[in-house]
1. Please return the ranges of helices (runs of 4 or more DSSP H) entirely within the range 1-84 where 2 or more residues are farther than 30 Å from residue 126 by Cα.
2. Go through 225, 207 for me and flag whichever is touching a helix residue (DSSP H, G or I) at 6+ places or on another chain (Cβ under 6 Å), loosely packed, with under 15 Cβ neighbours inside 10 Å, in a helix (DSSP H, G or I) and in contact (Cβ under 8 Å) with a residue 12 or more places away in the chain.
3. Can you tell me how many residues in the range 105-117 are touching a residue at least 40 places away in the same chain (Cβ under 8 Å) and either surrounded by fewer than 24 Cβ atoms within 10 Å (Cβ to Cβ) or not in a helix (DSSP H, G or I) (or both)?
4. So, in the range 31-68, of the ones that are modelled with pLDDT of 85 or more and out of contact with any helix residue (DSSP H, G or I) (no Cβ under 9 Å at 6 or more places or on another chain), which residue ends up nearest to residue 194 (Cα to Cα)?
5. Quick test for you: out of 166, 174, pick the one residue that is touching a residue at least 60 places away in the same chain (Cβ under 8 Å), over 19 Å from residue 22 (Cβ atoms) and crowded, with 17+ Cβ neighbours inside 10 Å.
6. Answer with yes or no whether residue 201 is out of contact with any strand residue (DSSP E or B) (no Cβ under 8 Å at 6 or more places or on another chain), farther than 22 Å from residue 92 by Cα, surrounded by fewer than 14 Cβ atoms within 10 Å (Cβ to Cβ) and modelled with pLDDT of 85 or more.
7. Residue 120 is checked against (1) in contact with a helix residue (DSSP H, G or I) (Cβ under 6 Å, 6 or more places away or on another chain); (2) surrounded by fewer than 21 Cβ atoms within 10 Å (Cβ to Cβ) and fails just one. What number does that condition carry?
8. So which residues in the range 124-154 are assigned to a helix (DSSP H, G or I) and modelled with pLDDT under 80, if there are any at all?
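The values are calculated or read from the model by the stated rules, or taken from the named source; none is laboratory data. Predicted model only: the values in this text are computed from it and were never measured. Here the Cβ positions follow ideal geometry from the backbone for every residue, glycine too, while neighbour counts run over all protein chains shown.
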């Protein structure tokens, strides 16, 4: 999924962000339906679509809509390094939502971990400048990627707790379809009022790359891993976002690591460790 950061910074130079997200998930659906049509047709015979379509829409809107468009919007005004570190906070929101709605126990150690994670994210967003926090002056891109982290937490929990007869690829095919549907009205608004899509070589290059690498491959691996490890543990694979985000930002976009990146990342990592620490 970390290659999504490359798309978020590089792709939006050629394709408007919501357009890139919409066409990406539409391409994902078309690719998957081509290779998975017979299996999907078989699965539909034992699947109550009328009863389950709302769940599919929620998964599509959060996993593909919010997590598809928000990073691309963020990439217009923030760095790959910032996106990598802030997105790493998603496991904290997974645990927080699990405590609030699914009865997972919360203790003083977890509260401390949650606070440390939020402090770390705040340090990144404010670049270590407390005055920006007090005056509510934030880089909009950092807020967008924080919203994506929360969206991914909702998607992960909902995906894990939804029991269905669909195979992983059939479920992902339908989620990508509903993801494109959820993005469509915002895509039209962007086309009419903000920026029009130019369907040239750059459009197809970036859209296909986004569809295959951080799209089909990454989402499929995440879904399969989650089945065996659960939402919370699998969420910790987002640690790699920080590492790859820094690498991609420095190598491909000439970004630099500042002191607040180190402090913020350390605070996030310690916070997540404390939240996951088992108490006797």
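1. Values: elements: 3-10, 17-44, 49-59, 67-74.
In the range 1-84, 17-44, 49-59 are the helices (runs of 4 or more DSSP H) which contain 2 or more residues that are farther than 30 Å from residue 126 by Cα.
2. Values: 207 fails: loosely packed, with under 15 Cβ neighbours inside 10 Å.
Going through 225, 207 in turn, the sole match is 225.
3. Taking the range 105-117 first, the residues touching a residue at least 40 places away in the same chain (Cβ under 8 Å) are 107, 109-110, 112-117.
So of that shortlist, the ones also either surrounded by fewer than 24 Cβ atoms within 10 Å (Cβ to Cβ) or not in a helix (DSSP H, G or I) (or both) come out as 107, 109-110, 112-116.
Residues that pass the stated criteria total 8.
4. 54
5. 166
6. Values: out of contact with any strand residue (DSSP E or B) (no Cβ under 8 Å at 6 or more places or on another chain): yes; farther than 22 Å from residue 92 by Cα: yes; surrounded by fewer than 14 Cβ atoms within 10 Å (Cβ to Cβ): yes; modelled with pLDDT of 85 or more: yes.
Here the answer is yes, as residue 201 does meet what is asked.
7. Here residue 120 meets the rest and fails (2).
8. Just the residues of the range 124-154 that are assigned to a helix (DSSP H, G or I), to begin with: 124-126, 130-134, 140-154.
Correct list: 124, 125, 126, 130, 131, 132, 133, 134.
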